1. For the stretch 283-343 and the stretch 85-134, what is the separation of their Cα centres, given in Å?
2. Using Cα pairs closer than 8 Å and at least 6 residues apart in sequence, work out the relative contact order for the chain, in percent.
3. Could the peptides 155-163, 366-374 be put in order, highest first, of the mean number of other beta-carbon atoms found within 10 Å of their residues?
4. Within the accessible area of the stretch 24-167, what % is carbon and sulfur when the probe is 1.4 Å and the other protein chains stay in place?
5. Run the lone-cysteine check on the chain: no other Cys C-beta under 4.7 Å from the residue's C-beta.
6. Tell me the label-point distance for the pair LYS295, SER104, using the 7 Å Cα-to-Cβ offset, in nm and rounded to one decimal.
7. Can you order the peptides 54-65, 231-242, 36-47, 94-105 by their average number of other Cβ atoms within 10 Å per residue, highest first?
8. If you average 1/r over every pair of different alpha-carbon atoms in the chain and take one over that average, what Kirkwood value in Å do you get?
Amino acid sequence: MIVSVLGLGYIGLPTAVMFASHGIQVYGMEPKEEICNKLNLGEATFEEGALAGLLKQAVNKGMLRCDTVLKPADVYIIAVPTPIYENKRADVSYVEQATKNVASLLKKGHLVIIESTISPRLTETMVKPLLEMSGLKAGEDFFLAYCPERVMMGSIIYELENNARIIGGYNEASAQKAQALYKIFVKGEIYLTDLLTAEICKLTENIYRDVNIALANDLAMICEELGCNVWKVVEFANKHPRVHMHLPGPGVGGHCLAVDPWYLIEHVDGNAKLIRNAREINDQMPQFVADKVRKILPEGGKVVILGVAFKADVDDLRESPILHLIENLKQDFEVRVVDPHIEAYNLDIYDTVKDTNLLLLGVNHSIFNTYDMENICARMKQKNILDTRNFYDSKKLEALGFKVCKLGVK
Ligand code: SAJ
C-alpha cells in the first residue's frame, strides 16, 4: 500500500512520518519546492520534539519522498491549510485544488481522507462531487472519510499515537477502511460516525476551548474593574470538581481556535451568538492590553515585548495576538520584540532592554525563566513589568525593584 499525503505542514508532515515509520511507503506532496528539498534531505521545517529524528530515519530508509506534484497511491490524505478571508469566510480553495489533484489519479478501491478542518457538509457537497468527476462513485468504487486531526503543537507525535480519533465515513465501508488505516499507528480509541457529525465535532472541540478562554478573558476584565485577582479566582474555582476554567491572556492565536469558529458561524443564520461573542472577546484582548500599557506609560516611551509566537514554546506566528498588540502599540511607543523561538526576534535581551520603560510578557516561553531579571532591571530606565500570562512571581520581582502589573489584576 502507498499513502500520499497532500500538504506537508504542521499536520501533514507528522502524519506522513508516522505512516512511514510504521513501514508504509509514503509520498508527500507539497507545492513549495524549497520545503520539498529540505524534507528530502531529512530536515524538519519546524520545531516539533520527536518529529525531526523520525523524519530523518524515514527519509534515510526511503520510506518517505516528497514532491511538488502528486504521485499515484492507494490512499490520499488531504491535510492542506483552511484559512479564513479578511471577511472571516472560510477559504476552502486549497482543499478544492487538492481534491481535484486526487480526482485526476483516482482509481477503483482507493481511499480518500480529509484531515483539514472544514465547513460542515463540505466533504459531501464539494469533495465528493469533485472526486466523482473521475467517473467513479463514492462509497462503491472508492471510499471517502473525514478524519480530523486533534493534536497539540509541542506534543504532536505523542498525541498522534495516543489521542482518540473520530472518523466520519461517507458510508460504513468508508469508515471501516479509514479505521483500518489509522490503526497502523493510532493506539487511542477510534470512533466511527457519519461525515457531518465528524465535521461538526472537530469544530466543536476548538470552539469549546475558544469560548472557555473568552470566559476567562471576560473575567480578567471584570476582576480588574472589581479590584480582584483573576488568576486566584481561576485557581480556586478549579478546585470545584466540575469546573474547568481556562486561562486569560493577551488574545487567542494559532491556526485553529482563532479560525475554526468562523467555519461554523457562517453556516448558521443568526445562531451561534455565544460562539461569535467569544471570538469577538478574544479578538479584543490585544486592544485591552494596549490600553493597559497606555495607562502605565501615559507619556509614551520604549516597550520591550517578550514573546511573539502564538503560544508558549513554539516557533509559530500564525494568528498571534501579539502581532496585533505590536501594531497597536507602535502608534504611540517605540516597540522592541524579543523571541528566541523566532529567528527575526532572537535578539540579546540585555541589550534590548537598555533605557526602556516597560517589559511586557506576551508569551510564557519557558526560556524566559532563564533570564537574569536583576540584570534586566538594572538596565531599564523605568522598571515596569506588564505580565499578561501570570508568568512571574510578583513578590520576587518587586524585591528586585520592579513595579509589576498583571492582566486581570487591578
Ligand atoms: N490560550 C489561552 N488560554 C488557555 C489556553 C490557550 O489564552 O487557557 C491561547 C494560547 O495562548 C493560544 C491559543 O489559545 O494563543 C490556542 O492555543 P491552544 O493551546 O489552545 O491550541 P492550539 O491552537 O495549539 O491547538 C488546538 C487544540 N485543540 C483543543 O485543545 C481543543 C488541538 O488539540 C487541535 O488539534 C488544534 O487546535 C487544531 O489543529 O485544531
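The values are calculated or read from the model by the stated rules, or taken from the named source; none is laboratory data. Because the structure is predicted, anything quoted here is derived from the model rather than measured. Neighbour counts run over all protein chains shown; Cβ positions are idealised from the backbone, glycine included. Remember, those area values only see protein heavy atoms, side chains included, never the ligands or the DNA or RNA. Shrake-Rupley method; radii C 1.70, N 1.55, O 1.52, S 1.80 Å.
1. One Cα centre to the other: 37 Å.
2. 11
3. 155-163, 366-374
4. Roughly 51 percent of what the probe reaches on the stretch 24-167 is carbon or sulfur.
5. Singleton cysteines: CYS147, CYS201, CYS256, CYS377, CYS405.
6. Those two pseudo-labels are separated by 5.8 nm.
7. With the highest mean Cβ count within 10 Å placed first, the list reads 94-105, 54-65, 36-47, 231-242.
8. Evaluated over the chain, this radius sits at 23.0 Å.
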